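S.K.: Below is a structure I'd like to ask you about.
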Amino acid sequence: MRWIRQRLLGVIAVLVLVYLFIPIAVVAVLSFNKPDGKYNISWNQFSIDAWTNLCGVPGVCGSFMVSIRIGVITTIVATILGTMIAFALVRYRFRGRSTTNLLIFLPMTTPEVVMGASLLALFLNLRFPLGETTIIIAHIMFTISFIVVTVKARLQGMDPRLEEAARDLYAGPRATFRYVTFPLVAPGIAGAALLGFSLSFDDFIISFFNAGTVVTFPIYIWGAAQRGIPVQVNALATMVFLAAMVIVLTTQVVSYRRRKALQLPPQALEAALPRS
Amino acid sequence: MSASRGRNVEDLNLRNLTKKFGDVAAVDDLTLTVPAGSFFALLGASGCGKTTTLRMVAGLEEPTSGTIAIGDQDITRLRAFQRPVNTVFQSYALFPHLDIFENVAFGLRRRKVKNVDQKVNAMLELVELGPMARRKPSQLSGGQQQRVAVARALINEPDVLLLDEPLGALDLKLRRQMQIELKRIQMEVGTTFVHVTHDQEEAMTMADTVAVMNKGRIEQMGHPADIYELPQTVFVANFLGQSNLFAGSRTGQSGEVIMVDSHGMKFSVLASRNSAMSDEIIIGIRPEKIVVRDLVDQDAVPAGHNALEGRVTDVSYTGVSTQYVVETLWGQDVTVFEQNVIVGDRCDVGDPVILHWSPEHTFGLAGGETLLHKTAQVLAAGV
Amino acid sequence: MVALLPSTGAKAQVSPQKRSRTGYFLLLPGMTWLAIFFAIPFVTLFLTSLQAPVAGESGQYVPAFQVSNYPDALMEYWPQFLKSFIYAGIATALALLIAYPLAYFIAFKAGRWRALMLVLVIAPSFASFLLRTYAWKTILADEGFITSFFNALHLLPDDRILNTSIAVIAGLTYNFLPFMILPLYAALEKVDPRLIEASNDLYASAFTTFRKVTWPLSLPGVVAGTLLTFIPATGDYINAELLGSTQDRMIGNIIQTNFIEFRDYPTASALSFVLMAVILVLVFTYIRRAGTEDLV
């Protein structure tokens, strides 16, 4: 009975994971489709046309590059600003802490449609021209919080004694940061940047409100959905997904290898030592 | 060994050192001299202020008042990275992103010292970790990490090496091994070691001077054997080893011997072994100093010995010794350790017995019944 | 008080926090950005929601204090509001049901697969949100396997899933599932497995152990996951637009079309404001339980 129950939980867990990937599989499979008609929603015939001619449909690659550009700029600015806030939250005492926490938390819980609408209301009232700048402003605004949360978690997980040890070993504040704090937090910052980029690259709702005439990749997809999404879009999205998976899994494997190396029994190491 | 040093080491002097967190004084007007080159242990229960004291010496905590000096040089206001003091941190705080070599080289590199390679290699030899130089800390066992932490601090040739519960994370067997190891290293380099611990056995094994701390103050300080044989406060008598304590009052004195009445029984204590100023005296005796005999043998009690009747309520055989709990006529439990050298019968539970011990082993402490109860409660809660 | 003293080893773990100008300097740029582009827009949103139309010119509004915009907007669109909360509520409940076993498995049973499984939970977010939602069109298609299956059991009132509220709820459940799994996992991971063993040891059945030990200890994760799923689901309009019919439009669709297509800024702003107010009530109820420190 107990055996069945334990297996049952594992089976359910795997099924849920499979469920999470079903739509992605559909997207990937349909990237090899030659649709019958303009809507690429049901399987017709195998073809690699989309993969060999990625930019074959006007506007696809252009919007893709716009999204990459916006994503990169957003990631750089938001990662810097968010990391600074995370350090302040963990390492410094200041007035207005709960207000600060709230102002960081709320963007993560506000529906995108409300954020998009309110920001548009601001730009309209200021008669600020909509375009790539307004999209970037918006993206930085909603990514900062996620960066703060990610970097903060890493910082909090760091043993404060490591920094004390650095100070004890003749490292001043700068040297402590450069040789100890930063190298230890860097993986967290890199992870936060990756998250920031994926949030920006994939954002549709807020961008749509504040884009003006600029067409990002998601906005292109949205527009295309009415008249049929080109197969190239599926191919590009599959590519992005695979690239992200490669990055994430590589880091996972590297850290797993590292942990694996530690699993050598300590006695084996002791034995390698000449003892007095 | 290149790590040993020609330069003269100087005493560490703490004067009226106080640290308050809010209204609570973690360290309270502490004045203390740690002799140069000694292995000094600061012993106390958790929360007694010993770690705070250490952190103030390291420069990681700022004193509320008082001064810290090495010889004549006042270091109270120096930042941690400016002090000729290094720390072996609790759970080591080895930099996980640097290998063993770079961990040990860290302080030298920050100070831009020359011949880093040679010095690090020599230091790794001293702690017997030469082959481990290019491993990451997490690939080492607990004992090895501990030695890296010592090497990383010692290589800077500090005037004082601070050790914050350095063996706390190790298992019992390894801890014993490391105690001997640390003592060997200390002898070899001759640096002053200040060692913070809550483990009285560890303090006694390693240190040449032990200071017992309680509530931010030093209760007693001296050579481990002296403190053990002649504790001067109820706290020390209970914290460092075990003691049987009987509250009583002074009834007279003949020559060197003070007479004390406790629960209607007469006890003698040497005036030189009594630290109580008033007539209220607590009589103390260590469990292993007591001899336990069947009550029928009471004539065999040597003249002048303190003696006490009771009934055995518990016997436990621990190999090296047998531990008895004996209930006195007024209901107090007395602990007795008897070495297992006697051939023949041991006393059994329920046996009426007589306990006796020499006044030479008896000590007198200031305080009364209430102090005994309070201390017992504190110790039960704290350690 | 003594417990707070950093004099004992374990408690010295608390990060030393400095009070200095550097803290403010680090906060200033990022928080200014959030203040200008997140907080202040709510003020302009509020002001816009009170604007009055210029007679004869569509899309032109003047500053006013037309409070009646609110009752007008709510009178017209309350069904969509209600629908949003119902859809999001059902989707959240389903997500909790689906997420809990997975989060539990990752926290207690996954062993060395734990890190990989967590990556797999996050991974779907790397594929386009729009395309993933669009893919459900294929999966739930009328002649597709799933629809046929349910039809064979005569479980579908309209004989189809696509372009019904079922498809919208299914899409919402799918899209926000990781937001439910991760907080649940975070809470469960903190539960000492020995507590569960202890409970079993103390004659509690598996079910009783779950009810009396595991579930109460995972409640912080349940609350956080519910909020993080319910809130974006309520405001979402992509699922309704791509998977539903015109009868399944949610409040997000209304705000979007009023703002961008009809240029009825006051109505759209009023609706956004009401939606935000409801969500703020939820968030503050949560904060009262948890405090602000655990938020970020």
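S.K.: Within region B:78-94, does at least one residue satisfy the condition of being open to solvent by less than 10 Å² (accessible area, probe 1.4 Å) and either in a helix (DSSP H, G or I) or not assigned by TED's automatic domain parsing to the domain that holds B:Lys19 (or both)?
M.R.: Within region B:78-94, one or more residues are open to solvent by less than 10 Å² (accessible area, probe 1.4 Å) and either in a helix (DSSP H, G or I) or not assigned by TED's automatic domain parsing to the domain that holds B:Lys19 (or both).
S.K.: I would also like to ask the following. Name, by its number, the condition in (1) open to solvent by 20 Å² or more (accessible area, probe 1.4 Å); (2) among the aliphatic types (A, V, I, L, M); (3) touching a helix residue (DSSP H, G or I) at 6+ places or on another chain (Cβ under 9 Å) that does not hold for A:Ala211.
M.R.: The single condition A:Ala211 does not satisfy is (1).
S.K.: From the list B:Thr209, B:Thr191, which residue is of a type in the set (S, T, N, Q) and touching a Ser or Thr at 6+ places or on another chain (Cβ under 6 Å)? Even if it seems obvious, please write down each step before you answer.
M.R.: Values: B:Thr191 fails: touching a Ser or Thr at 6+ places or on another chain (Cβ under 6 Å).
None of the other options fit; the residue is B:Thr209.
S.K.: Tell me, which helices (runs of 4 or more DSSP H) wholly within region C:59-170 include 1 or more residues that are under 21 Å from A:Leu15 (Cα atoms) and touching a residue at least 40 places away in the same chain (Cβ under 8 Å)?
M.R.: Those helices (runs of 4 or more DSSP H) span C:69-108, C:114-122, C:129-139.
S.K.: Search region A:78-123 for residues being without any contact (Cβ under 8 Å) to a residue 40 or more places away in the chain and polar (S, T, N, Q), and hand back the single one that is farthest from the other protein chains (Cβ to nearest Cβ).
M.R.: Of all residues in region A:78-123, those without any contact (Cβ under 8 Å) to a residue 40 or more places away in the chain come to A:80, A:84, A:88, A:92-103, A:106-107, A:109-111, A:114, A:118, A:121-122.
This time we only want the ones that are polar (S, T, N, Q), so: A:98-101, A:109-110, A:118.
Details: A:Ser98: 4, A:Thr99: 9, A:Thr100: 6, A:Asn101: 4, A:Thr109: 5, A:Thr110: 7, A:Ser118: 4 Å.
It comes out as A:Thr99.
S.K.: Please find, within region B:17-76, the residue that is surrounded by the most Cβ atoms within 10 Å (Cβ to Cβ) out of those that are acidic (Asp, Glu) and in a loop (DSSP other than H, G, I, E, B). Give the derivation first.
M.R.: Pass one, region B:17-76, residues acidic (Asp, Glu): B:23, B:28-29, B:61-62, B:72, B:74.
Next, only the ones that are in a loop (DSSP other than H, G, I, E, B) stay: B:23, B:61-62, B:72.
Details: B:Asp23: 6, B:Glu61: 23, B:Glu62: 11, B:Asp72: 8.
Among residues in region B:17-76 that are acidic (Asp, Glu) and in a loop (DSSP other than H, G, I, E, B), the one surrounded by the most Cβ atoms within 10 Å (Cβ to Cβ) is B:Glu61.
S.K.: For region C:102-111, name all the residues that are touching a helix residue (DSSP H, G or I) at 6+ places or on another chain (Cβ under 8 Å) and either small (Gly, Ala, Ser) or open to solvent by 30 Å² or more (accessible area, probe 1.4 Å) (or both). Walk me through how you get there before you give the answer.
M.R.: First pass over region C:102-111, keeping only residues touching a helix residue (DSSP H, G or I) at 6+ places or on another chain (Cβ under 8 Å): C:102-110.
Selection gives C:Ala103, C:Tyr104, C:Phe105, C:Ala107, C:Phe108, C:Lys109, C:Ala110.
S.K.: Shifting gears a bit: In region A:113-154, how many are closer than 30 Å to B:Glu165 by Cβ and either outside any helix (DSSP H, G or I) or modelled with pLDDT of 90 or more (or both)? Break it down into steps so the answer makes sense when it comes.
M.R.: Start the filter on region A:113-154 by keeping residues that are closer than 30 Å to B:Glu165 by Cβ, which leaves A:152-154.
Those still in the list that are either outside any helix (DSSP H, G or I) or modelled with pLDDT of 90 or more (or both) too: A:152.
Count: 1.
S.K.: For region C:16-50, what are the residues that are at pLDDT below 90 and out of contact with any Lys or Arg (no Cβ under 9 Å at 6 or more places or on another chain)? Working first, answer last.
M.R.: Going through region C:16-50, the residues at pLDDT below 90 turn out to be C:16-23.
Answer for region C:16-50, where residues must be at pLDDT below 90 and out of contact with any Lys or Arg (no Cβ under 9 Å at 6 or more places or on another chain): just C:Arg21.
S.K.: Determine whether B:Leu372 is surrounded by fewer than 18 Cβ atoms within 10 Å (Cβ to Cβ), modelled with pLDDT under 90 and either closer than 30 Å to B:Glu256 by Cα or not aromatic (Phe, Trp, Tyr) (or both). Spell out how you get there, then give the answer.
M.R.: On the way: surrounded by fewer than 18 Cβ atoms within 10 Å (Cβ to Cβ): no; modelled with pLDDT under 90: yes; either closer than 30 Å to B:Glu256 by Cα or not aromatic (Phe, Trp, Tyr) (or both): yes.
Taking the combined requirement at face value, the residue does not satisfy it.
S.K.: Okay, moving on. Sort out which residues of region A:25-42 are free of Cβ contacts under 8 Å to residues at least 12 places away in the same chain and surrounded by fewer than 18 Cβ atoms within 10 Å (Cβ to Cβ), and write them in order of number. Walk me through it before giving the result.
M.R.: Within region A:25-42, the subset free of Cβ contacts under 8 Å to residues at least 12 places away in the same chain is A:25-26, A:36, A:41-42.
Correct list: A:Ala25, A:Asp36, A:Ser42.
S.K.: Sticking with this structure for a sec: Of everything in region C:200-228, what is within 11 Å of chain A (Cβ to nearest Cβ) and crowded, with 18+ Cβ neighbours inside 10 Å? Give them in sequence order.
M.R.: Within region C:200-228, C:Ala224, C:Leu227, C:Leu228 meet the criteria.
S.K.: What strands (runs of 3 or more DSSP E) lie completely within region B:202-307 and have 2 or more residues being open to solvent by less than 50 Å² (accessible area, probe 1.4 Å), modelled with pLDDT under 90 and not assigned by TED's automatic domain parsing to the domain that holds B:Asp351? Steps first, please.
M.R.: Working: elements: B:209-214, B:217-222, B:244-254, B:257-262, B:265-270, B:280-285, B:291-294.
No strands (runs of 3 or more DSSP E) qualify here.
S.K.: Additional query: From the list A:Ser47, A:Ser98, which one is over 30 Å from C:Ala240 (Cα atoms) and open to solvent by 20 Å² or more (accessible area, probe 1.4 Å)?
M.R.: Values: A:Ser47 fails: open to solvent by 20 Å² or more (accessible area, probe 1.4 Å).
Within the list A:Ser47, A:Ser98, the selection yields A:Ser98.
S.K.: Of all residues in region C:122-141 being more than 7 Å from chain A (Cβ to nearest Cβ) and not hydroxyl-bearing (Ser, Thr, Tyr), which is nearest to the chain's Cα centre (by Cα)? Working first, answer last.
M.R.: Step one: list which residues in region C:122-141 are more than 7 Å from chain A (Cβ to nearest Cβ), which gives C:122, C:133, C:140.
This time we only want the ones that are not hydroxyl-bearing (Ser, Thr, Tyr), so: C:122, C:140.
Details: C:Ile122: 15, C:Leu140: 24 Å.
Only one residue tops the list, namely C:Ile122.
S.K.: Select from region C:142-189 the residues that are within 18 Å of C:Asp248 (Cα to Cα) and within 12 Å of another protein chain (Cβ to nearest Cβ) and write down the one among them that is surrounded by the most Cβ atoms within 10 Å (Cβ to Cβ). Steps first, answer last, please.
M.R.: Taking region C:142-189 and keeping what is within 18 Å of C:Asp248 (Cα to Cα), we get C:142, C:156-175.
Now restrict to residues that are within 12 Å of another protein chain (Cβ to nearest Cβ): C:142, C:162, C:170-171, C:173-175.
Working: C:Asp142: 12, C:Leu162: 23, C:Ala170: 22, C:Gly171: 28, C:Thr173: 26, C:Tyr174: 24, C:Asn175: 24.
Selected residue: C:Gly171.
S.K.: On to the next question. In this structure, is A:Met158 more than 7 Å from chain C (Cβ to nearest Cβ) and not in a helix (DSSP H, G or I)? Walk me through it before giving the result.
M.R.: Details: more than 7 Å from chain C (Cβ to nearest Cβ): yes; not in a helix (DSSP H, G or I): yes.
Answer is yes for this residue.
S.K.: Give the residue that is farthest from C:Leu271 (Cα to Cα), with candidates limited to residues of region C:238-250 that are within 12 Å of chain A (Cβ to nearest Cβ) and surrounded by fewer than 24 Cβ atoms within 10 Å (Cβ to Cβ).
M.R.: C:Leu242
S.K.: Test B:Leu108 against the criterion of being more than 24 Å from the chain's Cα centre (by Cα) and crowded, with 20+ Cβ neighbours inside 10 Å, and give yes or no. Before you say what the answer is, go through the steps one by one.
M.R.: Details: more than 24 Å from the chain's Cα centre (by Cα): yes; crowded, with 20+ Cβ neighbours inside 10 Å: yes.
Criteria met by B:Leu108.
S.K.: Further question on the same structure: Among the listed residues B:Glu181, B:Glu157, which satisfies the condition of being of a type in the set (D, E, K, R), outside any helix (DSSP H, G or I) and within 14 Å of another protein chain (Cβ to nearest Cβ)? Before you say what the answer is, go through the steps one by one.
M.R.: On the way: B:Glu181 fails: outside any helix (DSSP H, G or I).
Exactly one of B:Glu181, B:Glu157 is of a type in the set (D, E, K, R), outside any helix (DSSP H, G or I) and within 14 Å of another protein chain (Cβ to nearest Cβ), namely B:Glu157.
S.K.: Just need a number here: residues in region B:137-146 that are more than 8 Å from every other protein chain (Cβ to nearest Cβ) and either farther than 21 Å from B:Met206 by Cβ or open to solvent by less than 10 Å² (accessible area, probe 1.4 Å) (or both). Even if it seems obvious, please write down each step before you answer.
M.R.: Our first condition is that a residue be more than 8 Å from every other protein chain (Cβ to nearest Cβ); within region B:137-146, this holds for B:137, B:145-146.
When the remaining residues are screened for being either farther than 21 Å from B:Met206 by Cβ or open to solvent by less than 10 Å² (accessible area, probe 1.4 Å) (or both), the result is B:137, B:146.
Going through region B:137-146 one residue at a time, the tally reaches 2.
S.K.: Please verify whether region B:98-105 includes one or more residues that are within 12 Å of chain A (Cβ to nearest Cβ), under 16 Å from B:Met132 (Cβ atoms), assigned to a loop (DSSP other than H, G, I, E, B) and over 26 Å from the mean Cα position of the chain (by Cα).
M.R.: Quick first cut of region B:98-105, residues within 12 Å of chain A (Cβ to nearest Cβ) only: B:98, B:100, B:102-105.
Then drop every residue that is not under 16 Å from B:Met132 (Cβ atoms), which leaves B:98, B:100, B:102-105.
Filter once more, so that each one left must be assigned to a loop (DSSP other than H, G, I, E, B): B:98.
Checking which are over 26 Å from the mean Cα position of the chain (by Cα) leaves us with B:98.
Checked against the condition, which is being within 12 Å of chain A (Cβ to nearest Cβ), under 16 Å from B:Met132 (Cβ atoms), assigned to a loop (DSSP other than H, G, I, E, B) and over 26 Å from the mean Cα position of the chain (by Cα), region B:98-105 yields at least one hit.
S.K.: Now a separate question. Any residue in region B:116-127 that is modelled with pLDDT of 90 or more and not in a helix (DSSP H, G or I)?
M.R.: no
S.K.: Another question about this same structure. Can you confirm whether C:Tyr265 is at the interface with chain A (Cβ under 10 Å from one of its Cβ atoms), buried (at least 20 other Cβ atoms within 10 Å of the Cβ), touching a Gly at 6+ places or on another chain (Cβ under 7 Å) and among the aromatic types (Phe, Trp, Tyr)? Outline the logic, then answer.
M.R.: Working: at the interface with chain A (Cβ under 10 Å from one of its Cβ atoms): yes; buried (at least 20 other Cβ atoms within 10 Å of the Cβ): yes; touching a Gly at 6+ places or on another chain (Cβ under 7 Å): no; among the aromatic types (Phe, Trp, Tyr): yes.
Here the answer is no, as C:Tyr265 does not meet what is asked.
Here is a yes/no grid of residues against (1) more than 14 Å from chain B (Cβ to nearest Cβ); (2) surrounded by fewer than 19 Cβ atoms within 10 Å (Cβ to Cβ):
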| residue | (1), (2) |
| --- | --- |
| A:Pro173 | no, yes |
| A:Arg178 | no, yes |
| A:Pro183 | no, yes |
| A:Ala190 | no, yes |
| A:Leu194 | yes, yes |
| A:Leu199 | yes, no |
| A:Asp203 | yes, no |
| A:Phe217 | yes, no |
| A:Tyr220 | yes, no |
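The values are calculated or read from the model by the stated rules, or taken from the named source; none is laboratory data. Please read all numbers here as calculations on a predicted model, not as lab measurements. When we count neighbours, we look across all protein chains shown, and the Cβ atoms used for this are built from the backbone with ideal geometry, even at glycine. The accessibility values were calculated without ligands, DNA or RNA, using every heavy atom of the protein model including side chains. Shrake-Rupley method; radii C 1.70, N 1.55, O 1.52, S 1.80 Å.
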